[in-house]
Amino acid sequence: MNTLQHDTVILLFAQTPEQQIRYKTFTQEHGPELNKQAADLLLQHTLFVAKGSGIPLVVIYPERQEGSNFGERLANAFQEVYSMGYQRVICIGADCVDLTPADLLLAQDALSEGRMVVGPGTNGGAYLVGLHIDCFDPEVLAMLNWQTDELLNELVLYGYRMQASMGSLTVLDEKTEAGSGADLSRQLNILPVYHHLHRQLSAILS
């Protein structure tokens, strides 16, 4: 019997800072240690935001990720969380500086009424993907072109295929994902100068 008090959960599908900096460079001038600090700040900020929403949180780091590519690992992570008894999963990564608890609550509201919610990235990707269990097809989800500028369009097509359209597919406001130092600098321009993350990352990037 399902004893969960909530049927919605946030899935943080993330890498450790050490793993992130193998393929992401947030600062080129100040060496690997500061690059790692930037990645760690993004991760800690994302955890803070997720917990601030009050929605249950499951974090799946690489040691729990199974599959031969990103799509398979992500689909398996969704499956693992559904197997815990949750019906609605809001998946995020640790690379969106201006993600807020309000964004996550908006996604939760969208899934309570519909079957799918997407947060589009400015680069054609997505910073958030939320799915009701009835809209989850692991094989199709794994085959999408994740980590490319084709992803957003494919997610919308996925929604139509899973009949999550006609008012059941919600698209949130566009945000920038931090895949590089340039992306991170653009995100910092959005944050107020008094924001703790603005101060800390500015010190690293300057």
Query raised in the report: Looking at this structure, is residue 89 buried (at least 21 other Cβ atoms within 10 Å of the Cβ), modelled with pLDDT under 95 and β-branched (Val, Ile, Thr)?
Result: no
Requested in this report: For residue 88, indicate whether it is more than 14 Å from the chain's Cα centre (by Cα) and under 12 Å from residue 11 (Cα atoms).
Outcome: yes
Report task. Would you point out which residue out of 103, 137 is within 30 Å of residue 199 (Cβ to Cβ) and among the acidic types (Asp, Glu)? Result -> 103
Query raised in the report: Going through region 135-162 one residue at a time, which ones are assigned to a helix (DSSP H, G or I) and in contact with a helix residue (DSSP H, G or I) (Cβ under 8 Å, 6 or more places away or on another chain)?
Result: 135, 138, 139, 140, 141, 142, 143, 158, 159, 161
Requested in this report: Among the candidates 5, 44, 37, 19, single out the residue that is open to solvent by 10 Å² or more (accessible area, probe 1.4 Å), part of a helix (DSSP H, G or I) and at pLDDT below 70.
Outcome: 19
Report task. State which residue pairs qualify: first residue over 18 Å from residue 90 (Cβ atoms) and inside region 53-70, second residue small (Gly, Ala, Ser) and surrounded by fewer than 16 Cβ atoms within 10 Å (Cβ to Cβ) in any location, beta carbons under 7 Å apart, and separation of 6 or more residues or different chains. Result -> none
Query raised in the report: For residue 114, all conditions in the list (1) under 16 Å from residue 11 (Cβ atoms); (2) at pLDDT below 95; (3) over 14 Å from the mean Cα position of the chain (by Cα) hold save one; what is the number of the exception?
Result: (1)
Requested in this report: Please state which of the following conditions residue 157 fails to meet, knowing it meets all the rest: (1) open to solvent by 30 Å² or more (accessible area, probe 1.4 Å); (2) closer than 26 Å to residue 43 by Cβ; (3) not hydroxyl-bearing (Ser, Thr, Tyr).
Outcome: (2)
Requested in this report: Test residue 76 against the criterion of being modelled with pLDDT of 95 or more and surrounded by 13 or more Cβ atoms within 10 Å (Cβ to Cβ), and give yes or no.
Outcome: yes
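The values are calculated or read from the model by the stated rules, or taken from the named source; none is laboratory data. Being a predicted model, the structure only gives us computed values, none of them experimental. Using ideal geometry, Cβ is built from the backbone for each residue, glycine included, and neighbour counts are taken over all protein chains shown. Surface areas here come from the heavy atoms of the whole protein model, side chains and all, with no ligands, DNA or RNA. Shrake-Rupley method; radii C 1.70, N 1.55, O 1.52, S 1.80 Å.
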